[in-house]
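Structure record follows, encoded as structure tokens.
Where a number appears in this text, it was derived from the coordinates with a stated rule and is not lab data. The model shown is predicted, which means the values in this text are computed figures rather than measured ones.
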């Protein structure tokens, strides 16, 4: 499976899985639609019908949001795991989730979430504030120190998390419920405008991450070896950390805090197809999008007409799956 031919076959298989996941997301939901109606709804020039309205106005924006967010989280996980040389690193390592949560809770508690995008904008601003704080601390000596970066991320996450708890303690019950549901993950507010903003971050950043593949492969050998191979270590590290953080922040701002996608997907693909980032990045992009799209479809259907937070679904899937991967990795000496 780790030969170029096997990796290309795996890439094609993951592309097919992503397409199947999208079609599944369009077909399932509280309102049962026959596959024929779904197919006719997505065809251009089709007749207006209730099925077409449900698919195009409700399900399609949500499926696109889940696919983009899953892809962004997975690529973010690839970058963090490569830079920290730790397969257990994950996208929320630098306080992204706690910063986004604080931004969201502030606007909910103060009633500032005017319009459909107020919450997402506030969450993105909070996530970027957390990232900026961590980077400023970790770069104080003129170079990006990985150990200081992790410690600063833990401290900033704890500080912002305390801010969230304080605001929730002082807020009224309705605000607390809204904030808790947001932090558990949901694509119920997905729209084409939010999707355009998410795509603006996720697609170019993922392409840039793919462009760094050769340098990421070199960094896997150690910073000194990478420098001898012609990699400008410090600039590459800063660019990759920034891309990883922006990808995670954009995903959180649209879907809330969704765990395990950025941890499980890159780790699983690395075990099956190896550590070559020329394949690991695009494979993770496709697999992350497929996984979160299927998880969101399950969230809409398992307890219909109620909706389960998608973060709960990813945790229920991700925890046992990651334990299996962890056991396999340990048995093969990867961890």
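At a glance:
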| read-out | value |
| --- | --- |
| Cα-based Rg and Dmax for the range 226-332, where Dmax is the largest Cα-Cα distance (Å) | 16.4, 59 |
| D (Stokes-Einstein, µm²/s), Kirkwood Cα radius, the range 146-217, 1.306 mPa s at 10 °C | 100 |
| The range 1-70, Cα convex hull volume normalised per residue, Å³ | 112 |
| Percentage relative contact order, the range 214-296, counting C-alpha pairs under 8 Å, at least six apart | 26 |
| Whole-Å semi-axes of the range 196-280's equivalent ellipsoid (Cα gyration tensor) | 24, 16, 11 |
| Taking the convex hull of Cα positions in the range 78-211, its mean projected area over all directions (nm²) | 9.2 |
| Length released on extending from residue 42 to residue 16, taking residue separation times 0.36 nm less the Cα-Cα span | 7.5 nm |
| Shape box of the range 49-117 [Cα atoms, principal axes, largest first, Å] | 52, 33, 12 |
| Whether the range 1-158 is rounded, prolate or oblate, judged on the alpha carbon gyration tensor where a/c under 1.5 counts as rounded | oblate |
| Extent along principal axes [Cα atoms of the chain; Å; largest to smallest] | 63, 55, 36 |
| Relative contact order of the range 1-113, defined on C-alpha pairs under 8 angstrom at six or more residues apart (%) | 14 |
| Volume in Å³ per residue [convex hull over Cα atoms, computed for the range 211-253] | 64 |
| Estimated 222 nm signal from helices in the chain, with DSSP H stretches of n ≥ 4 weighted -39500 (n - 2.57), rounded to 500 | -24500 deg cm²/dmol |
| The chain, relative contact order [Cα under 8 Å, separation at least 6], % | 31 |
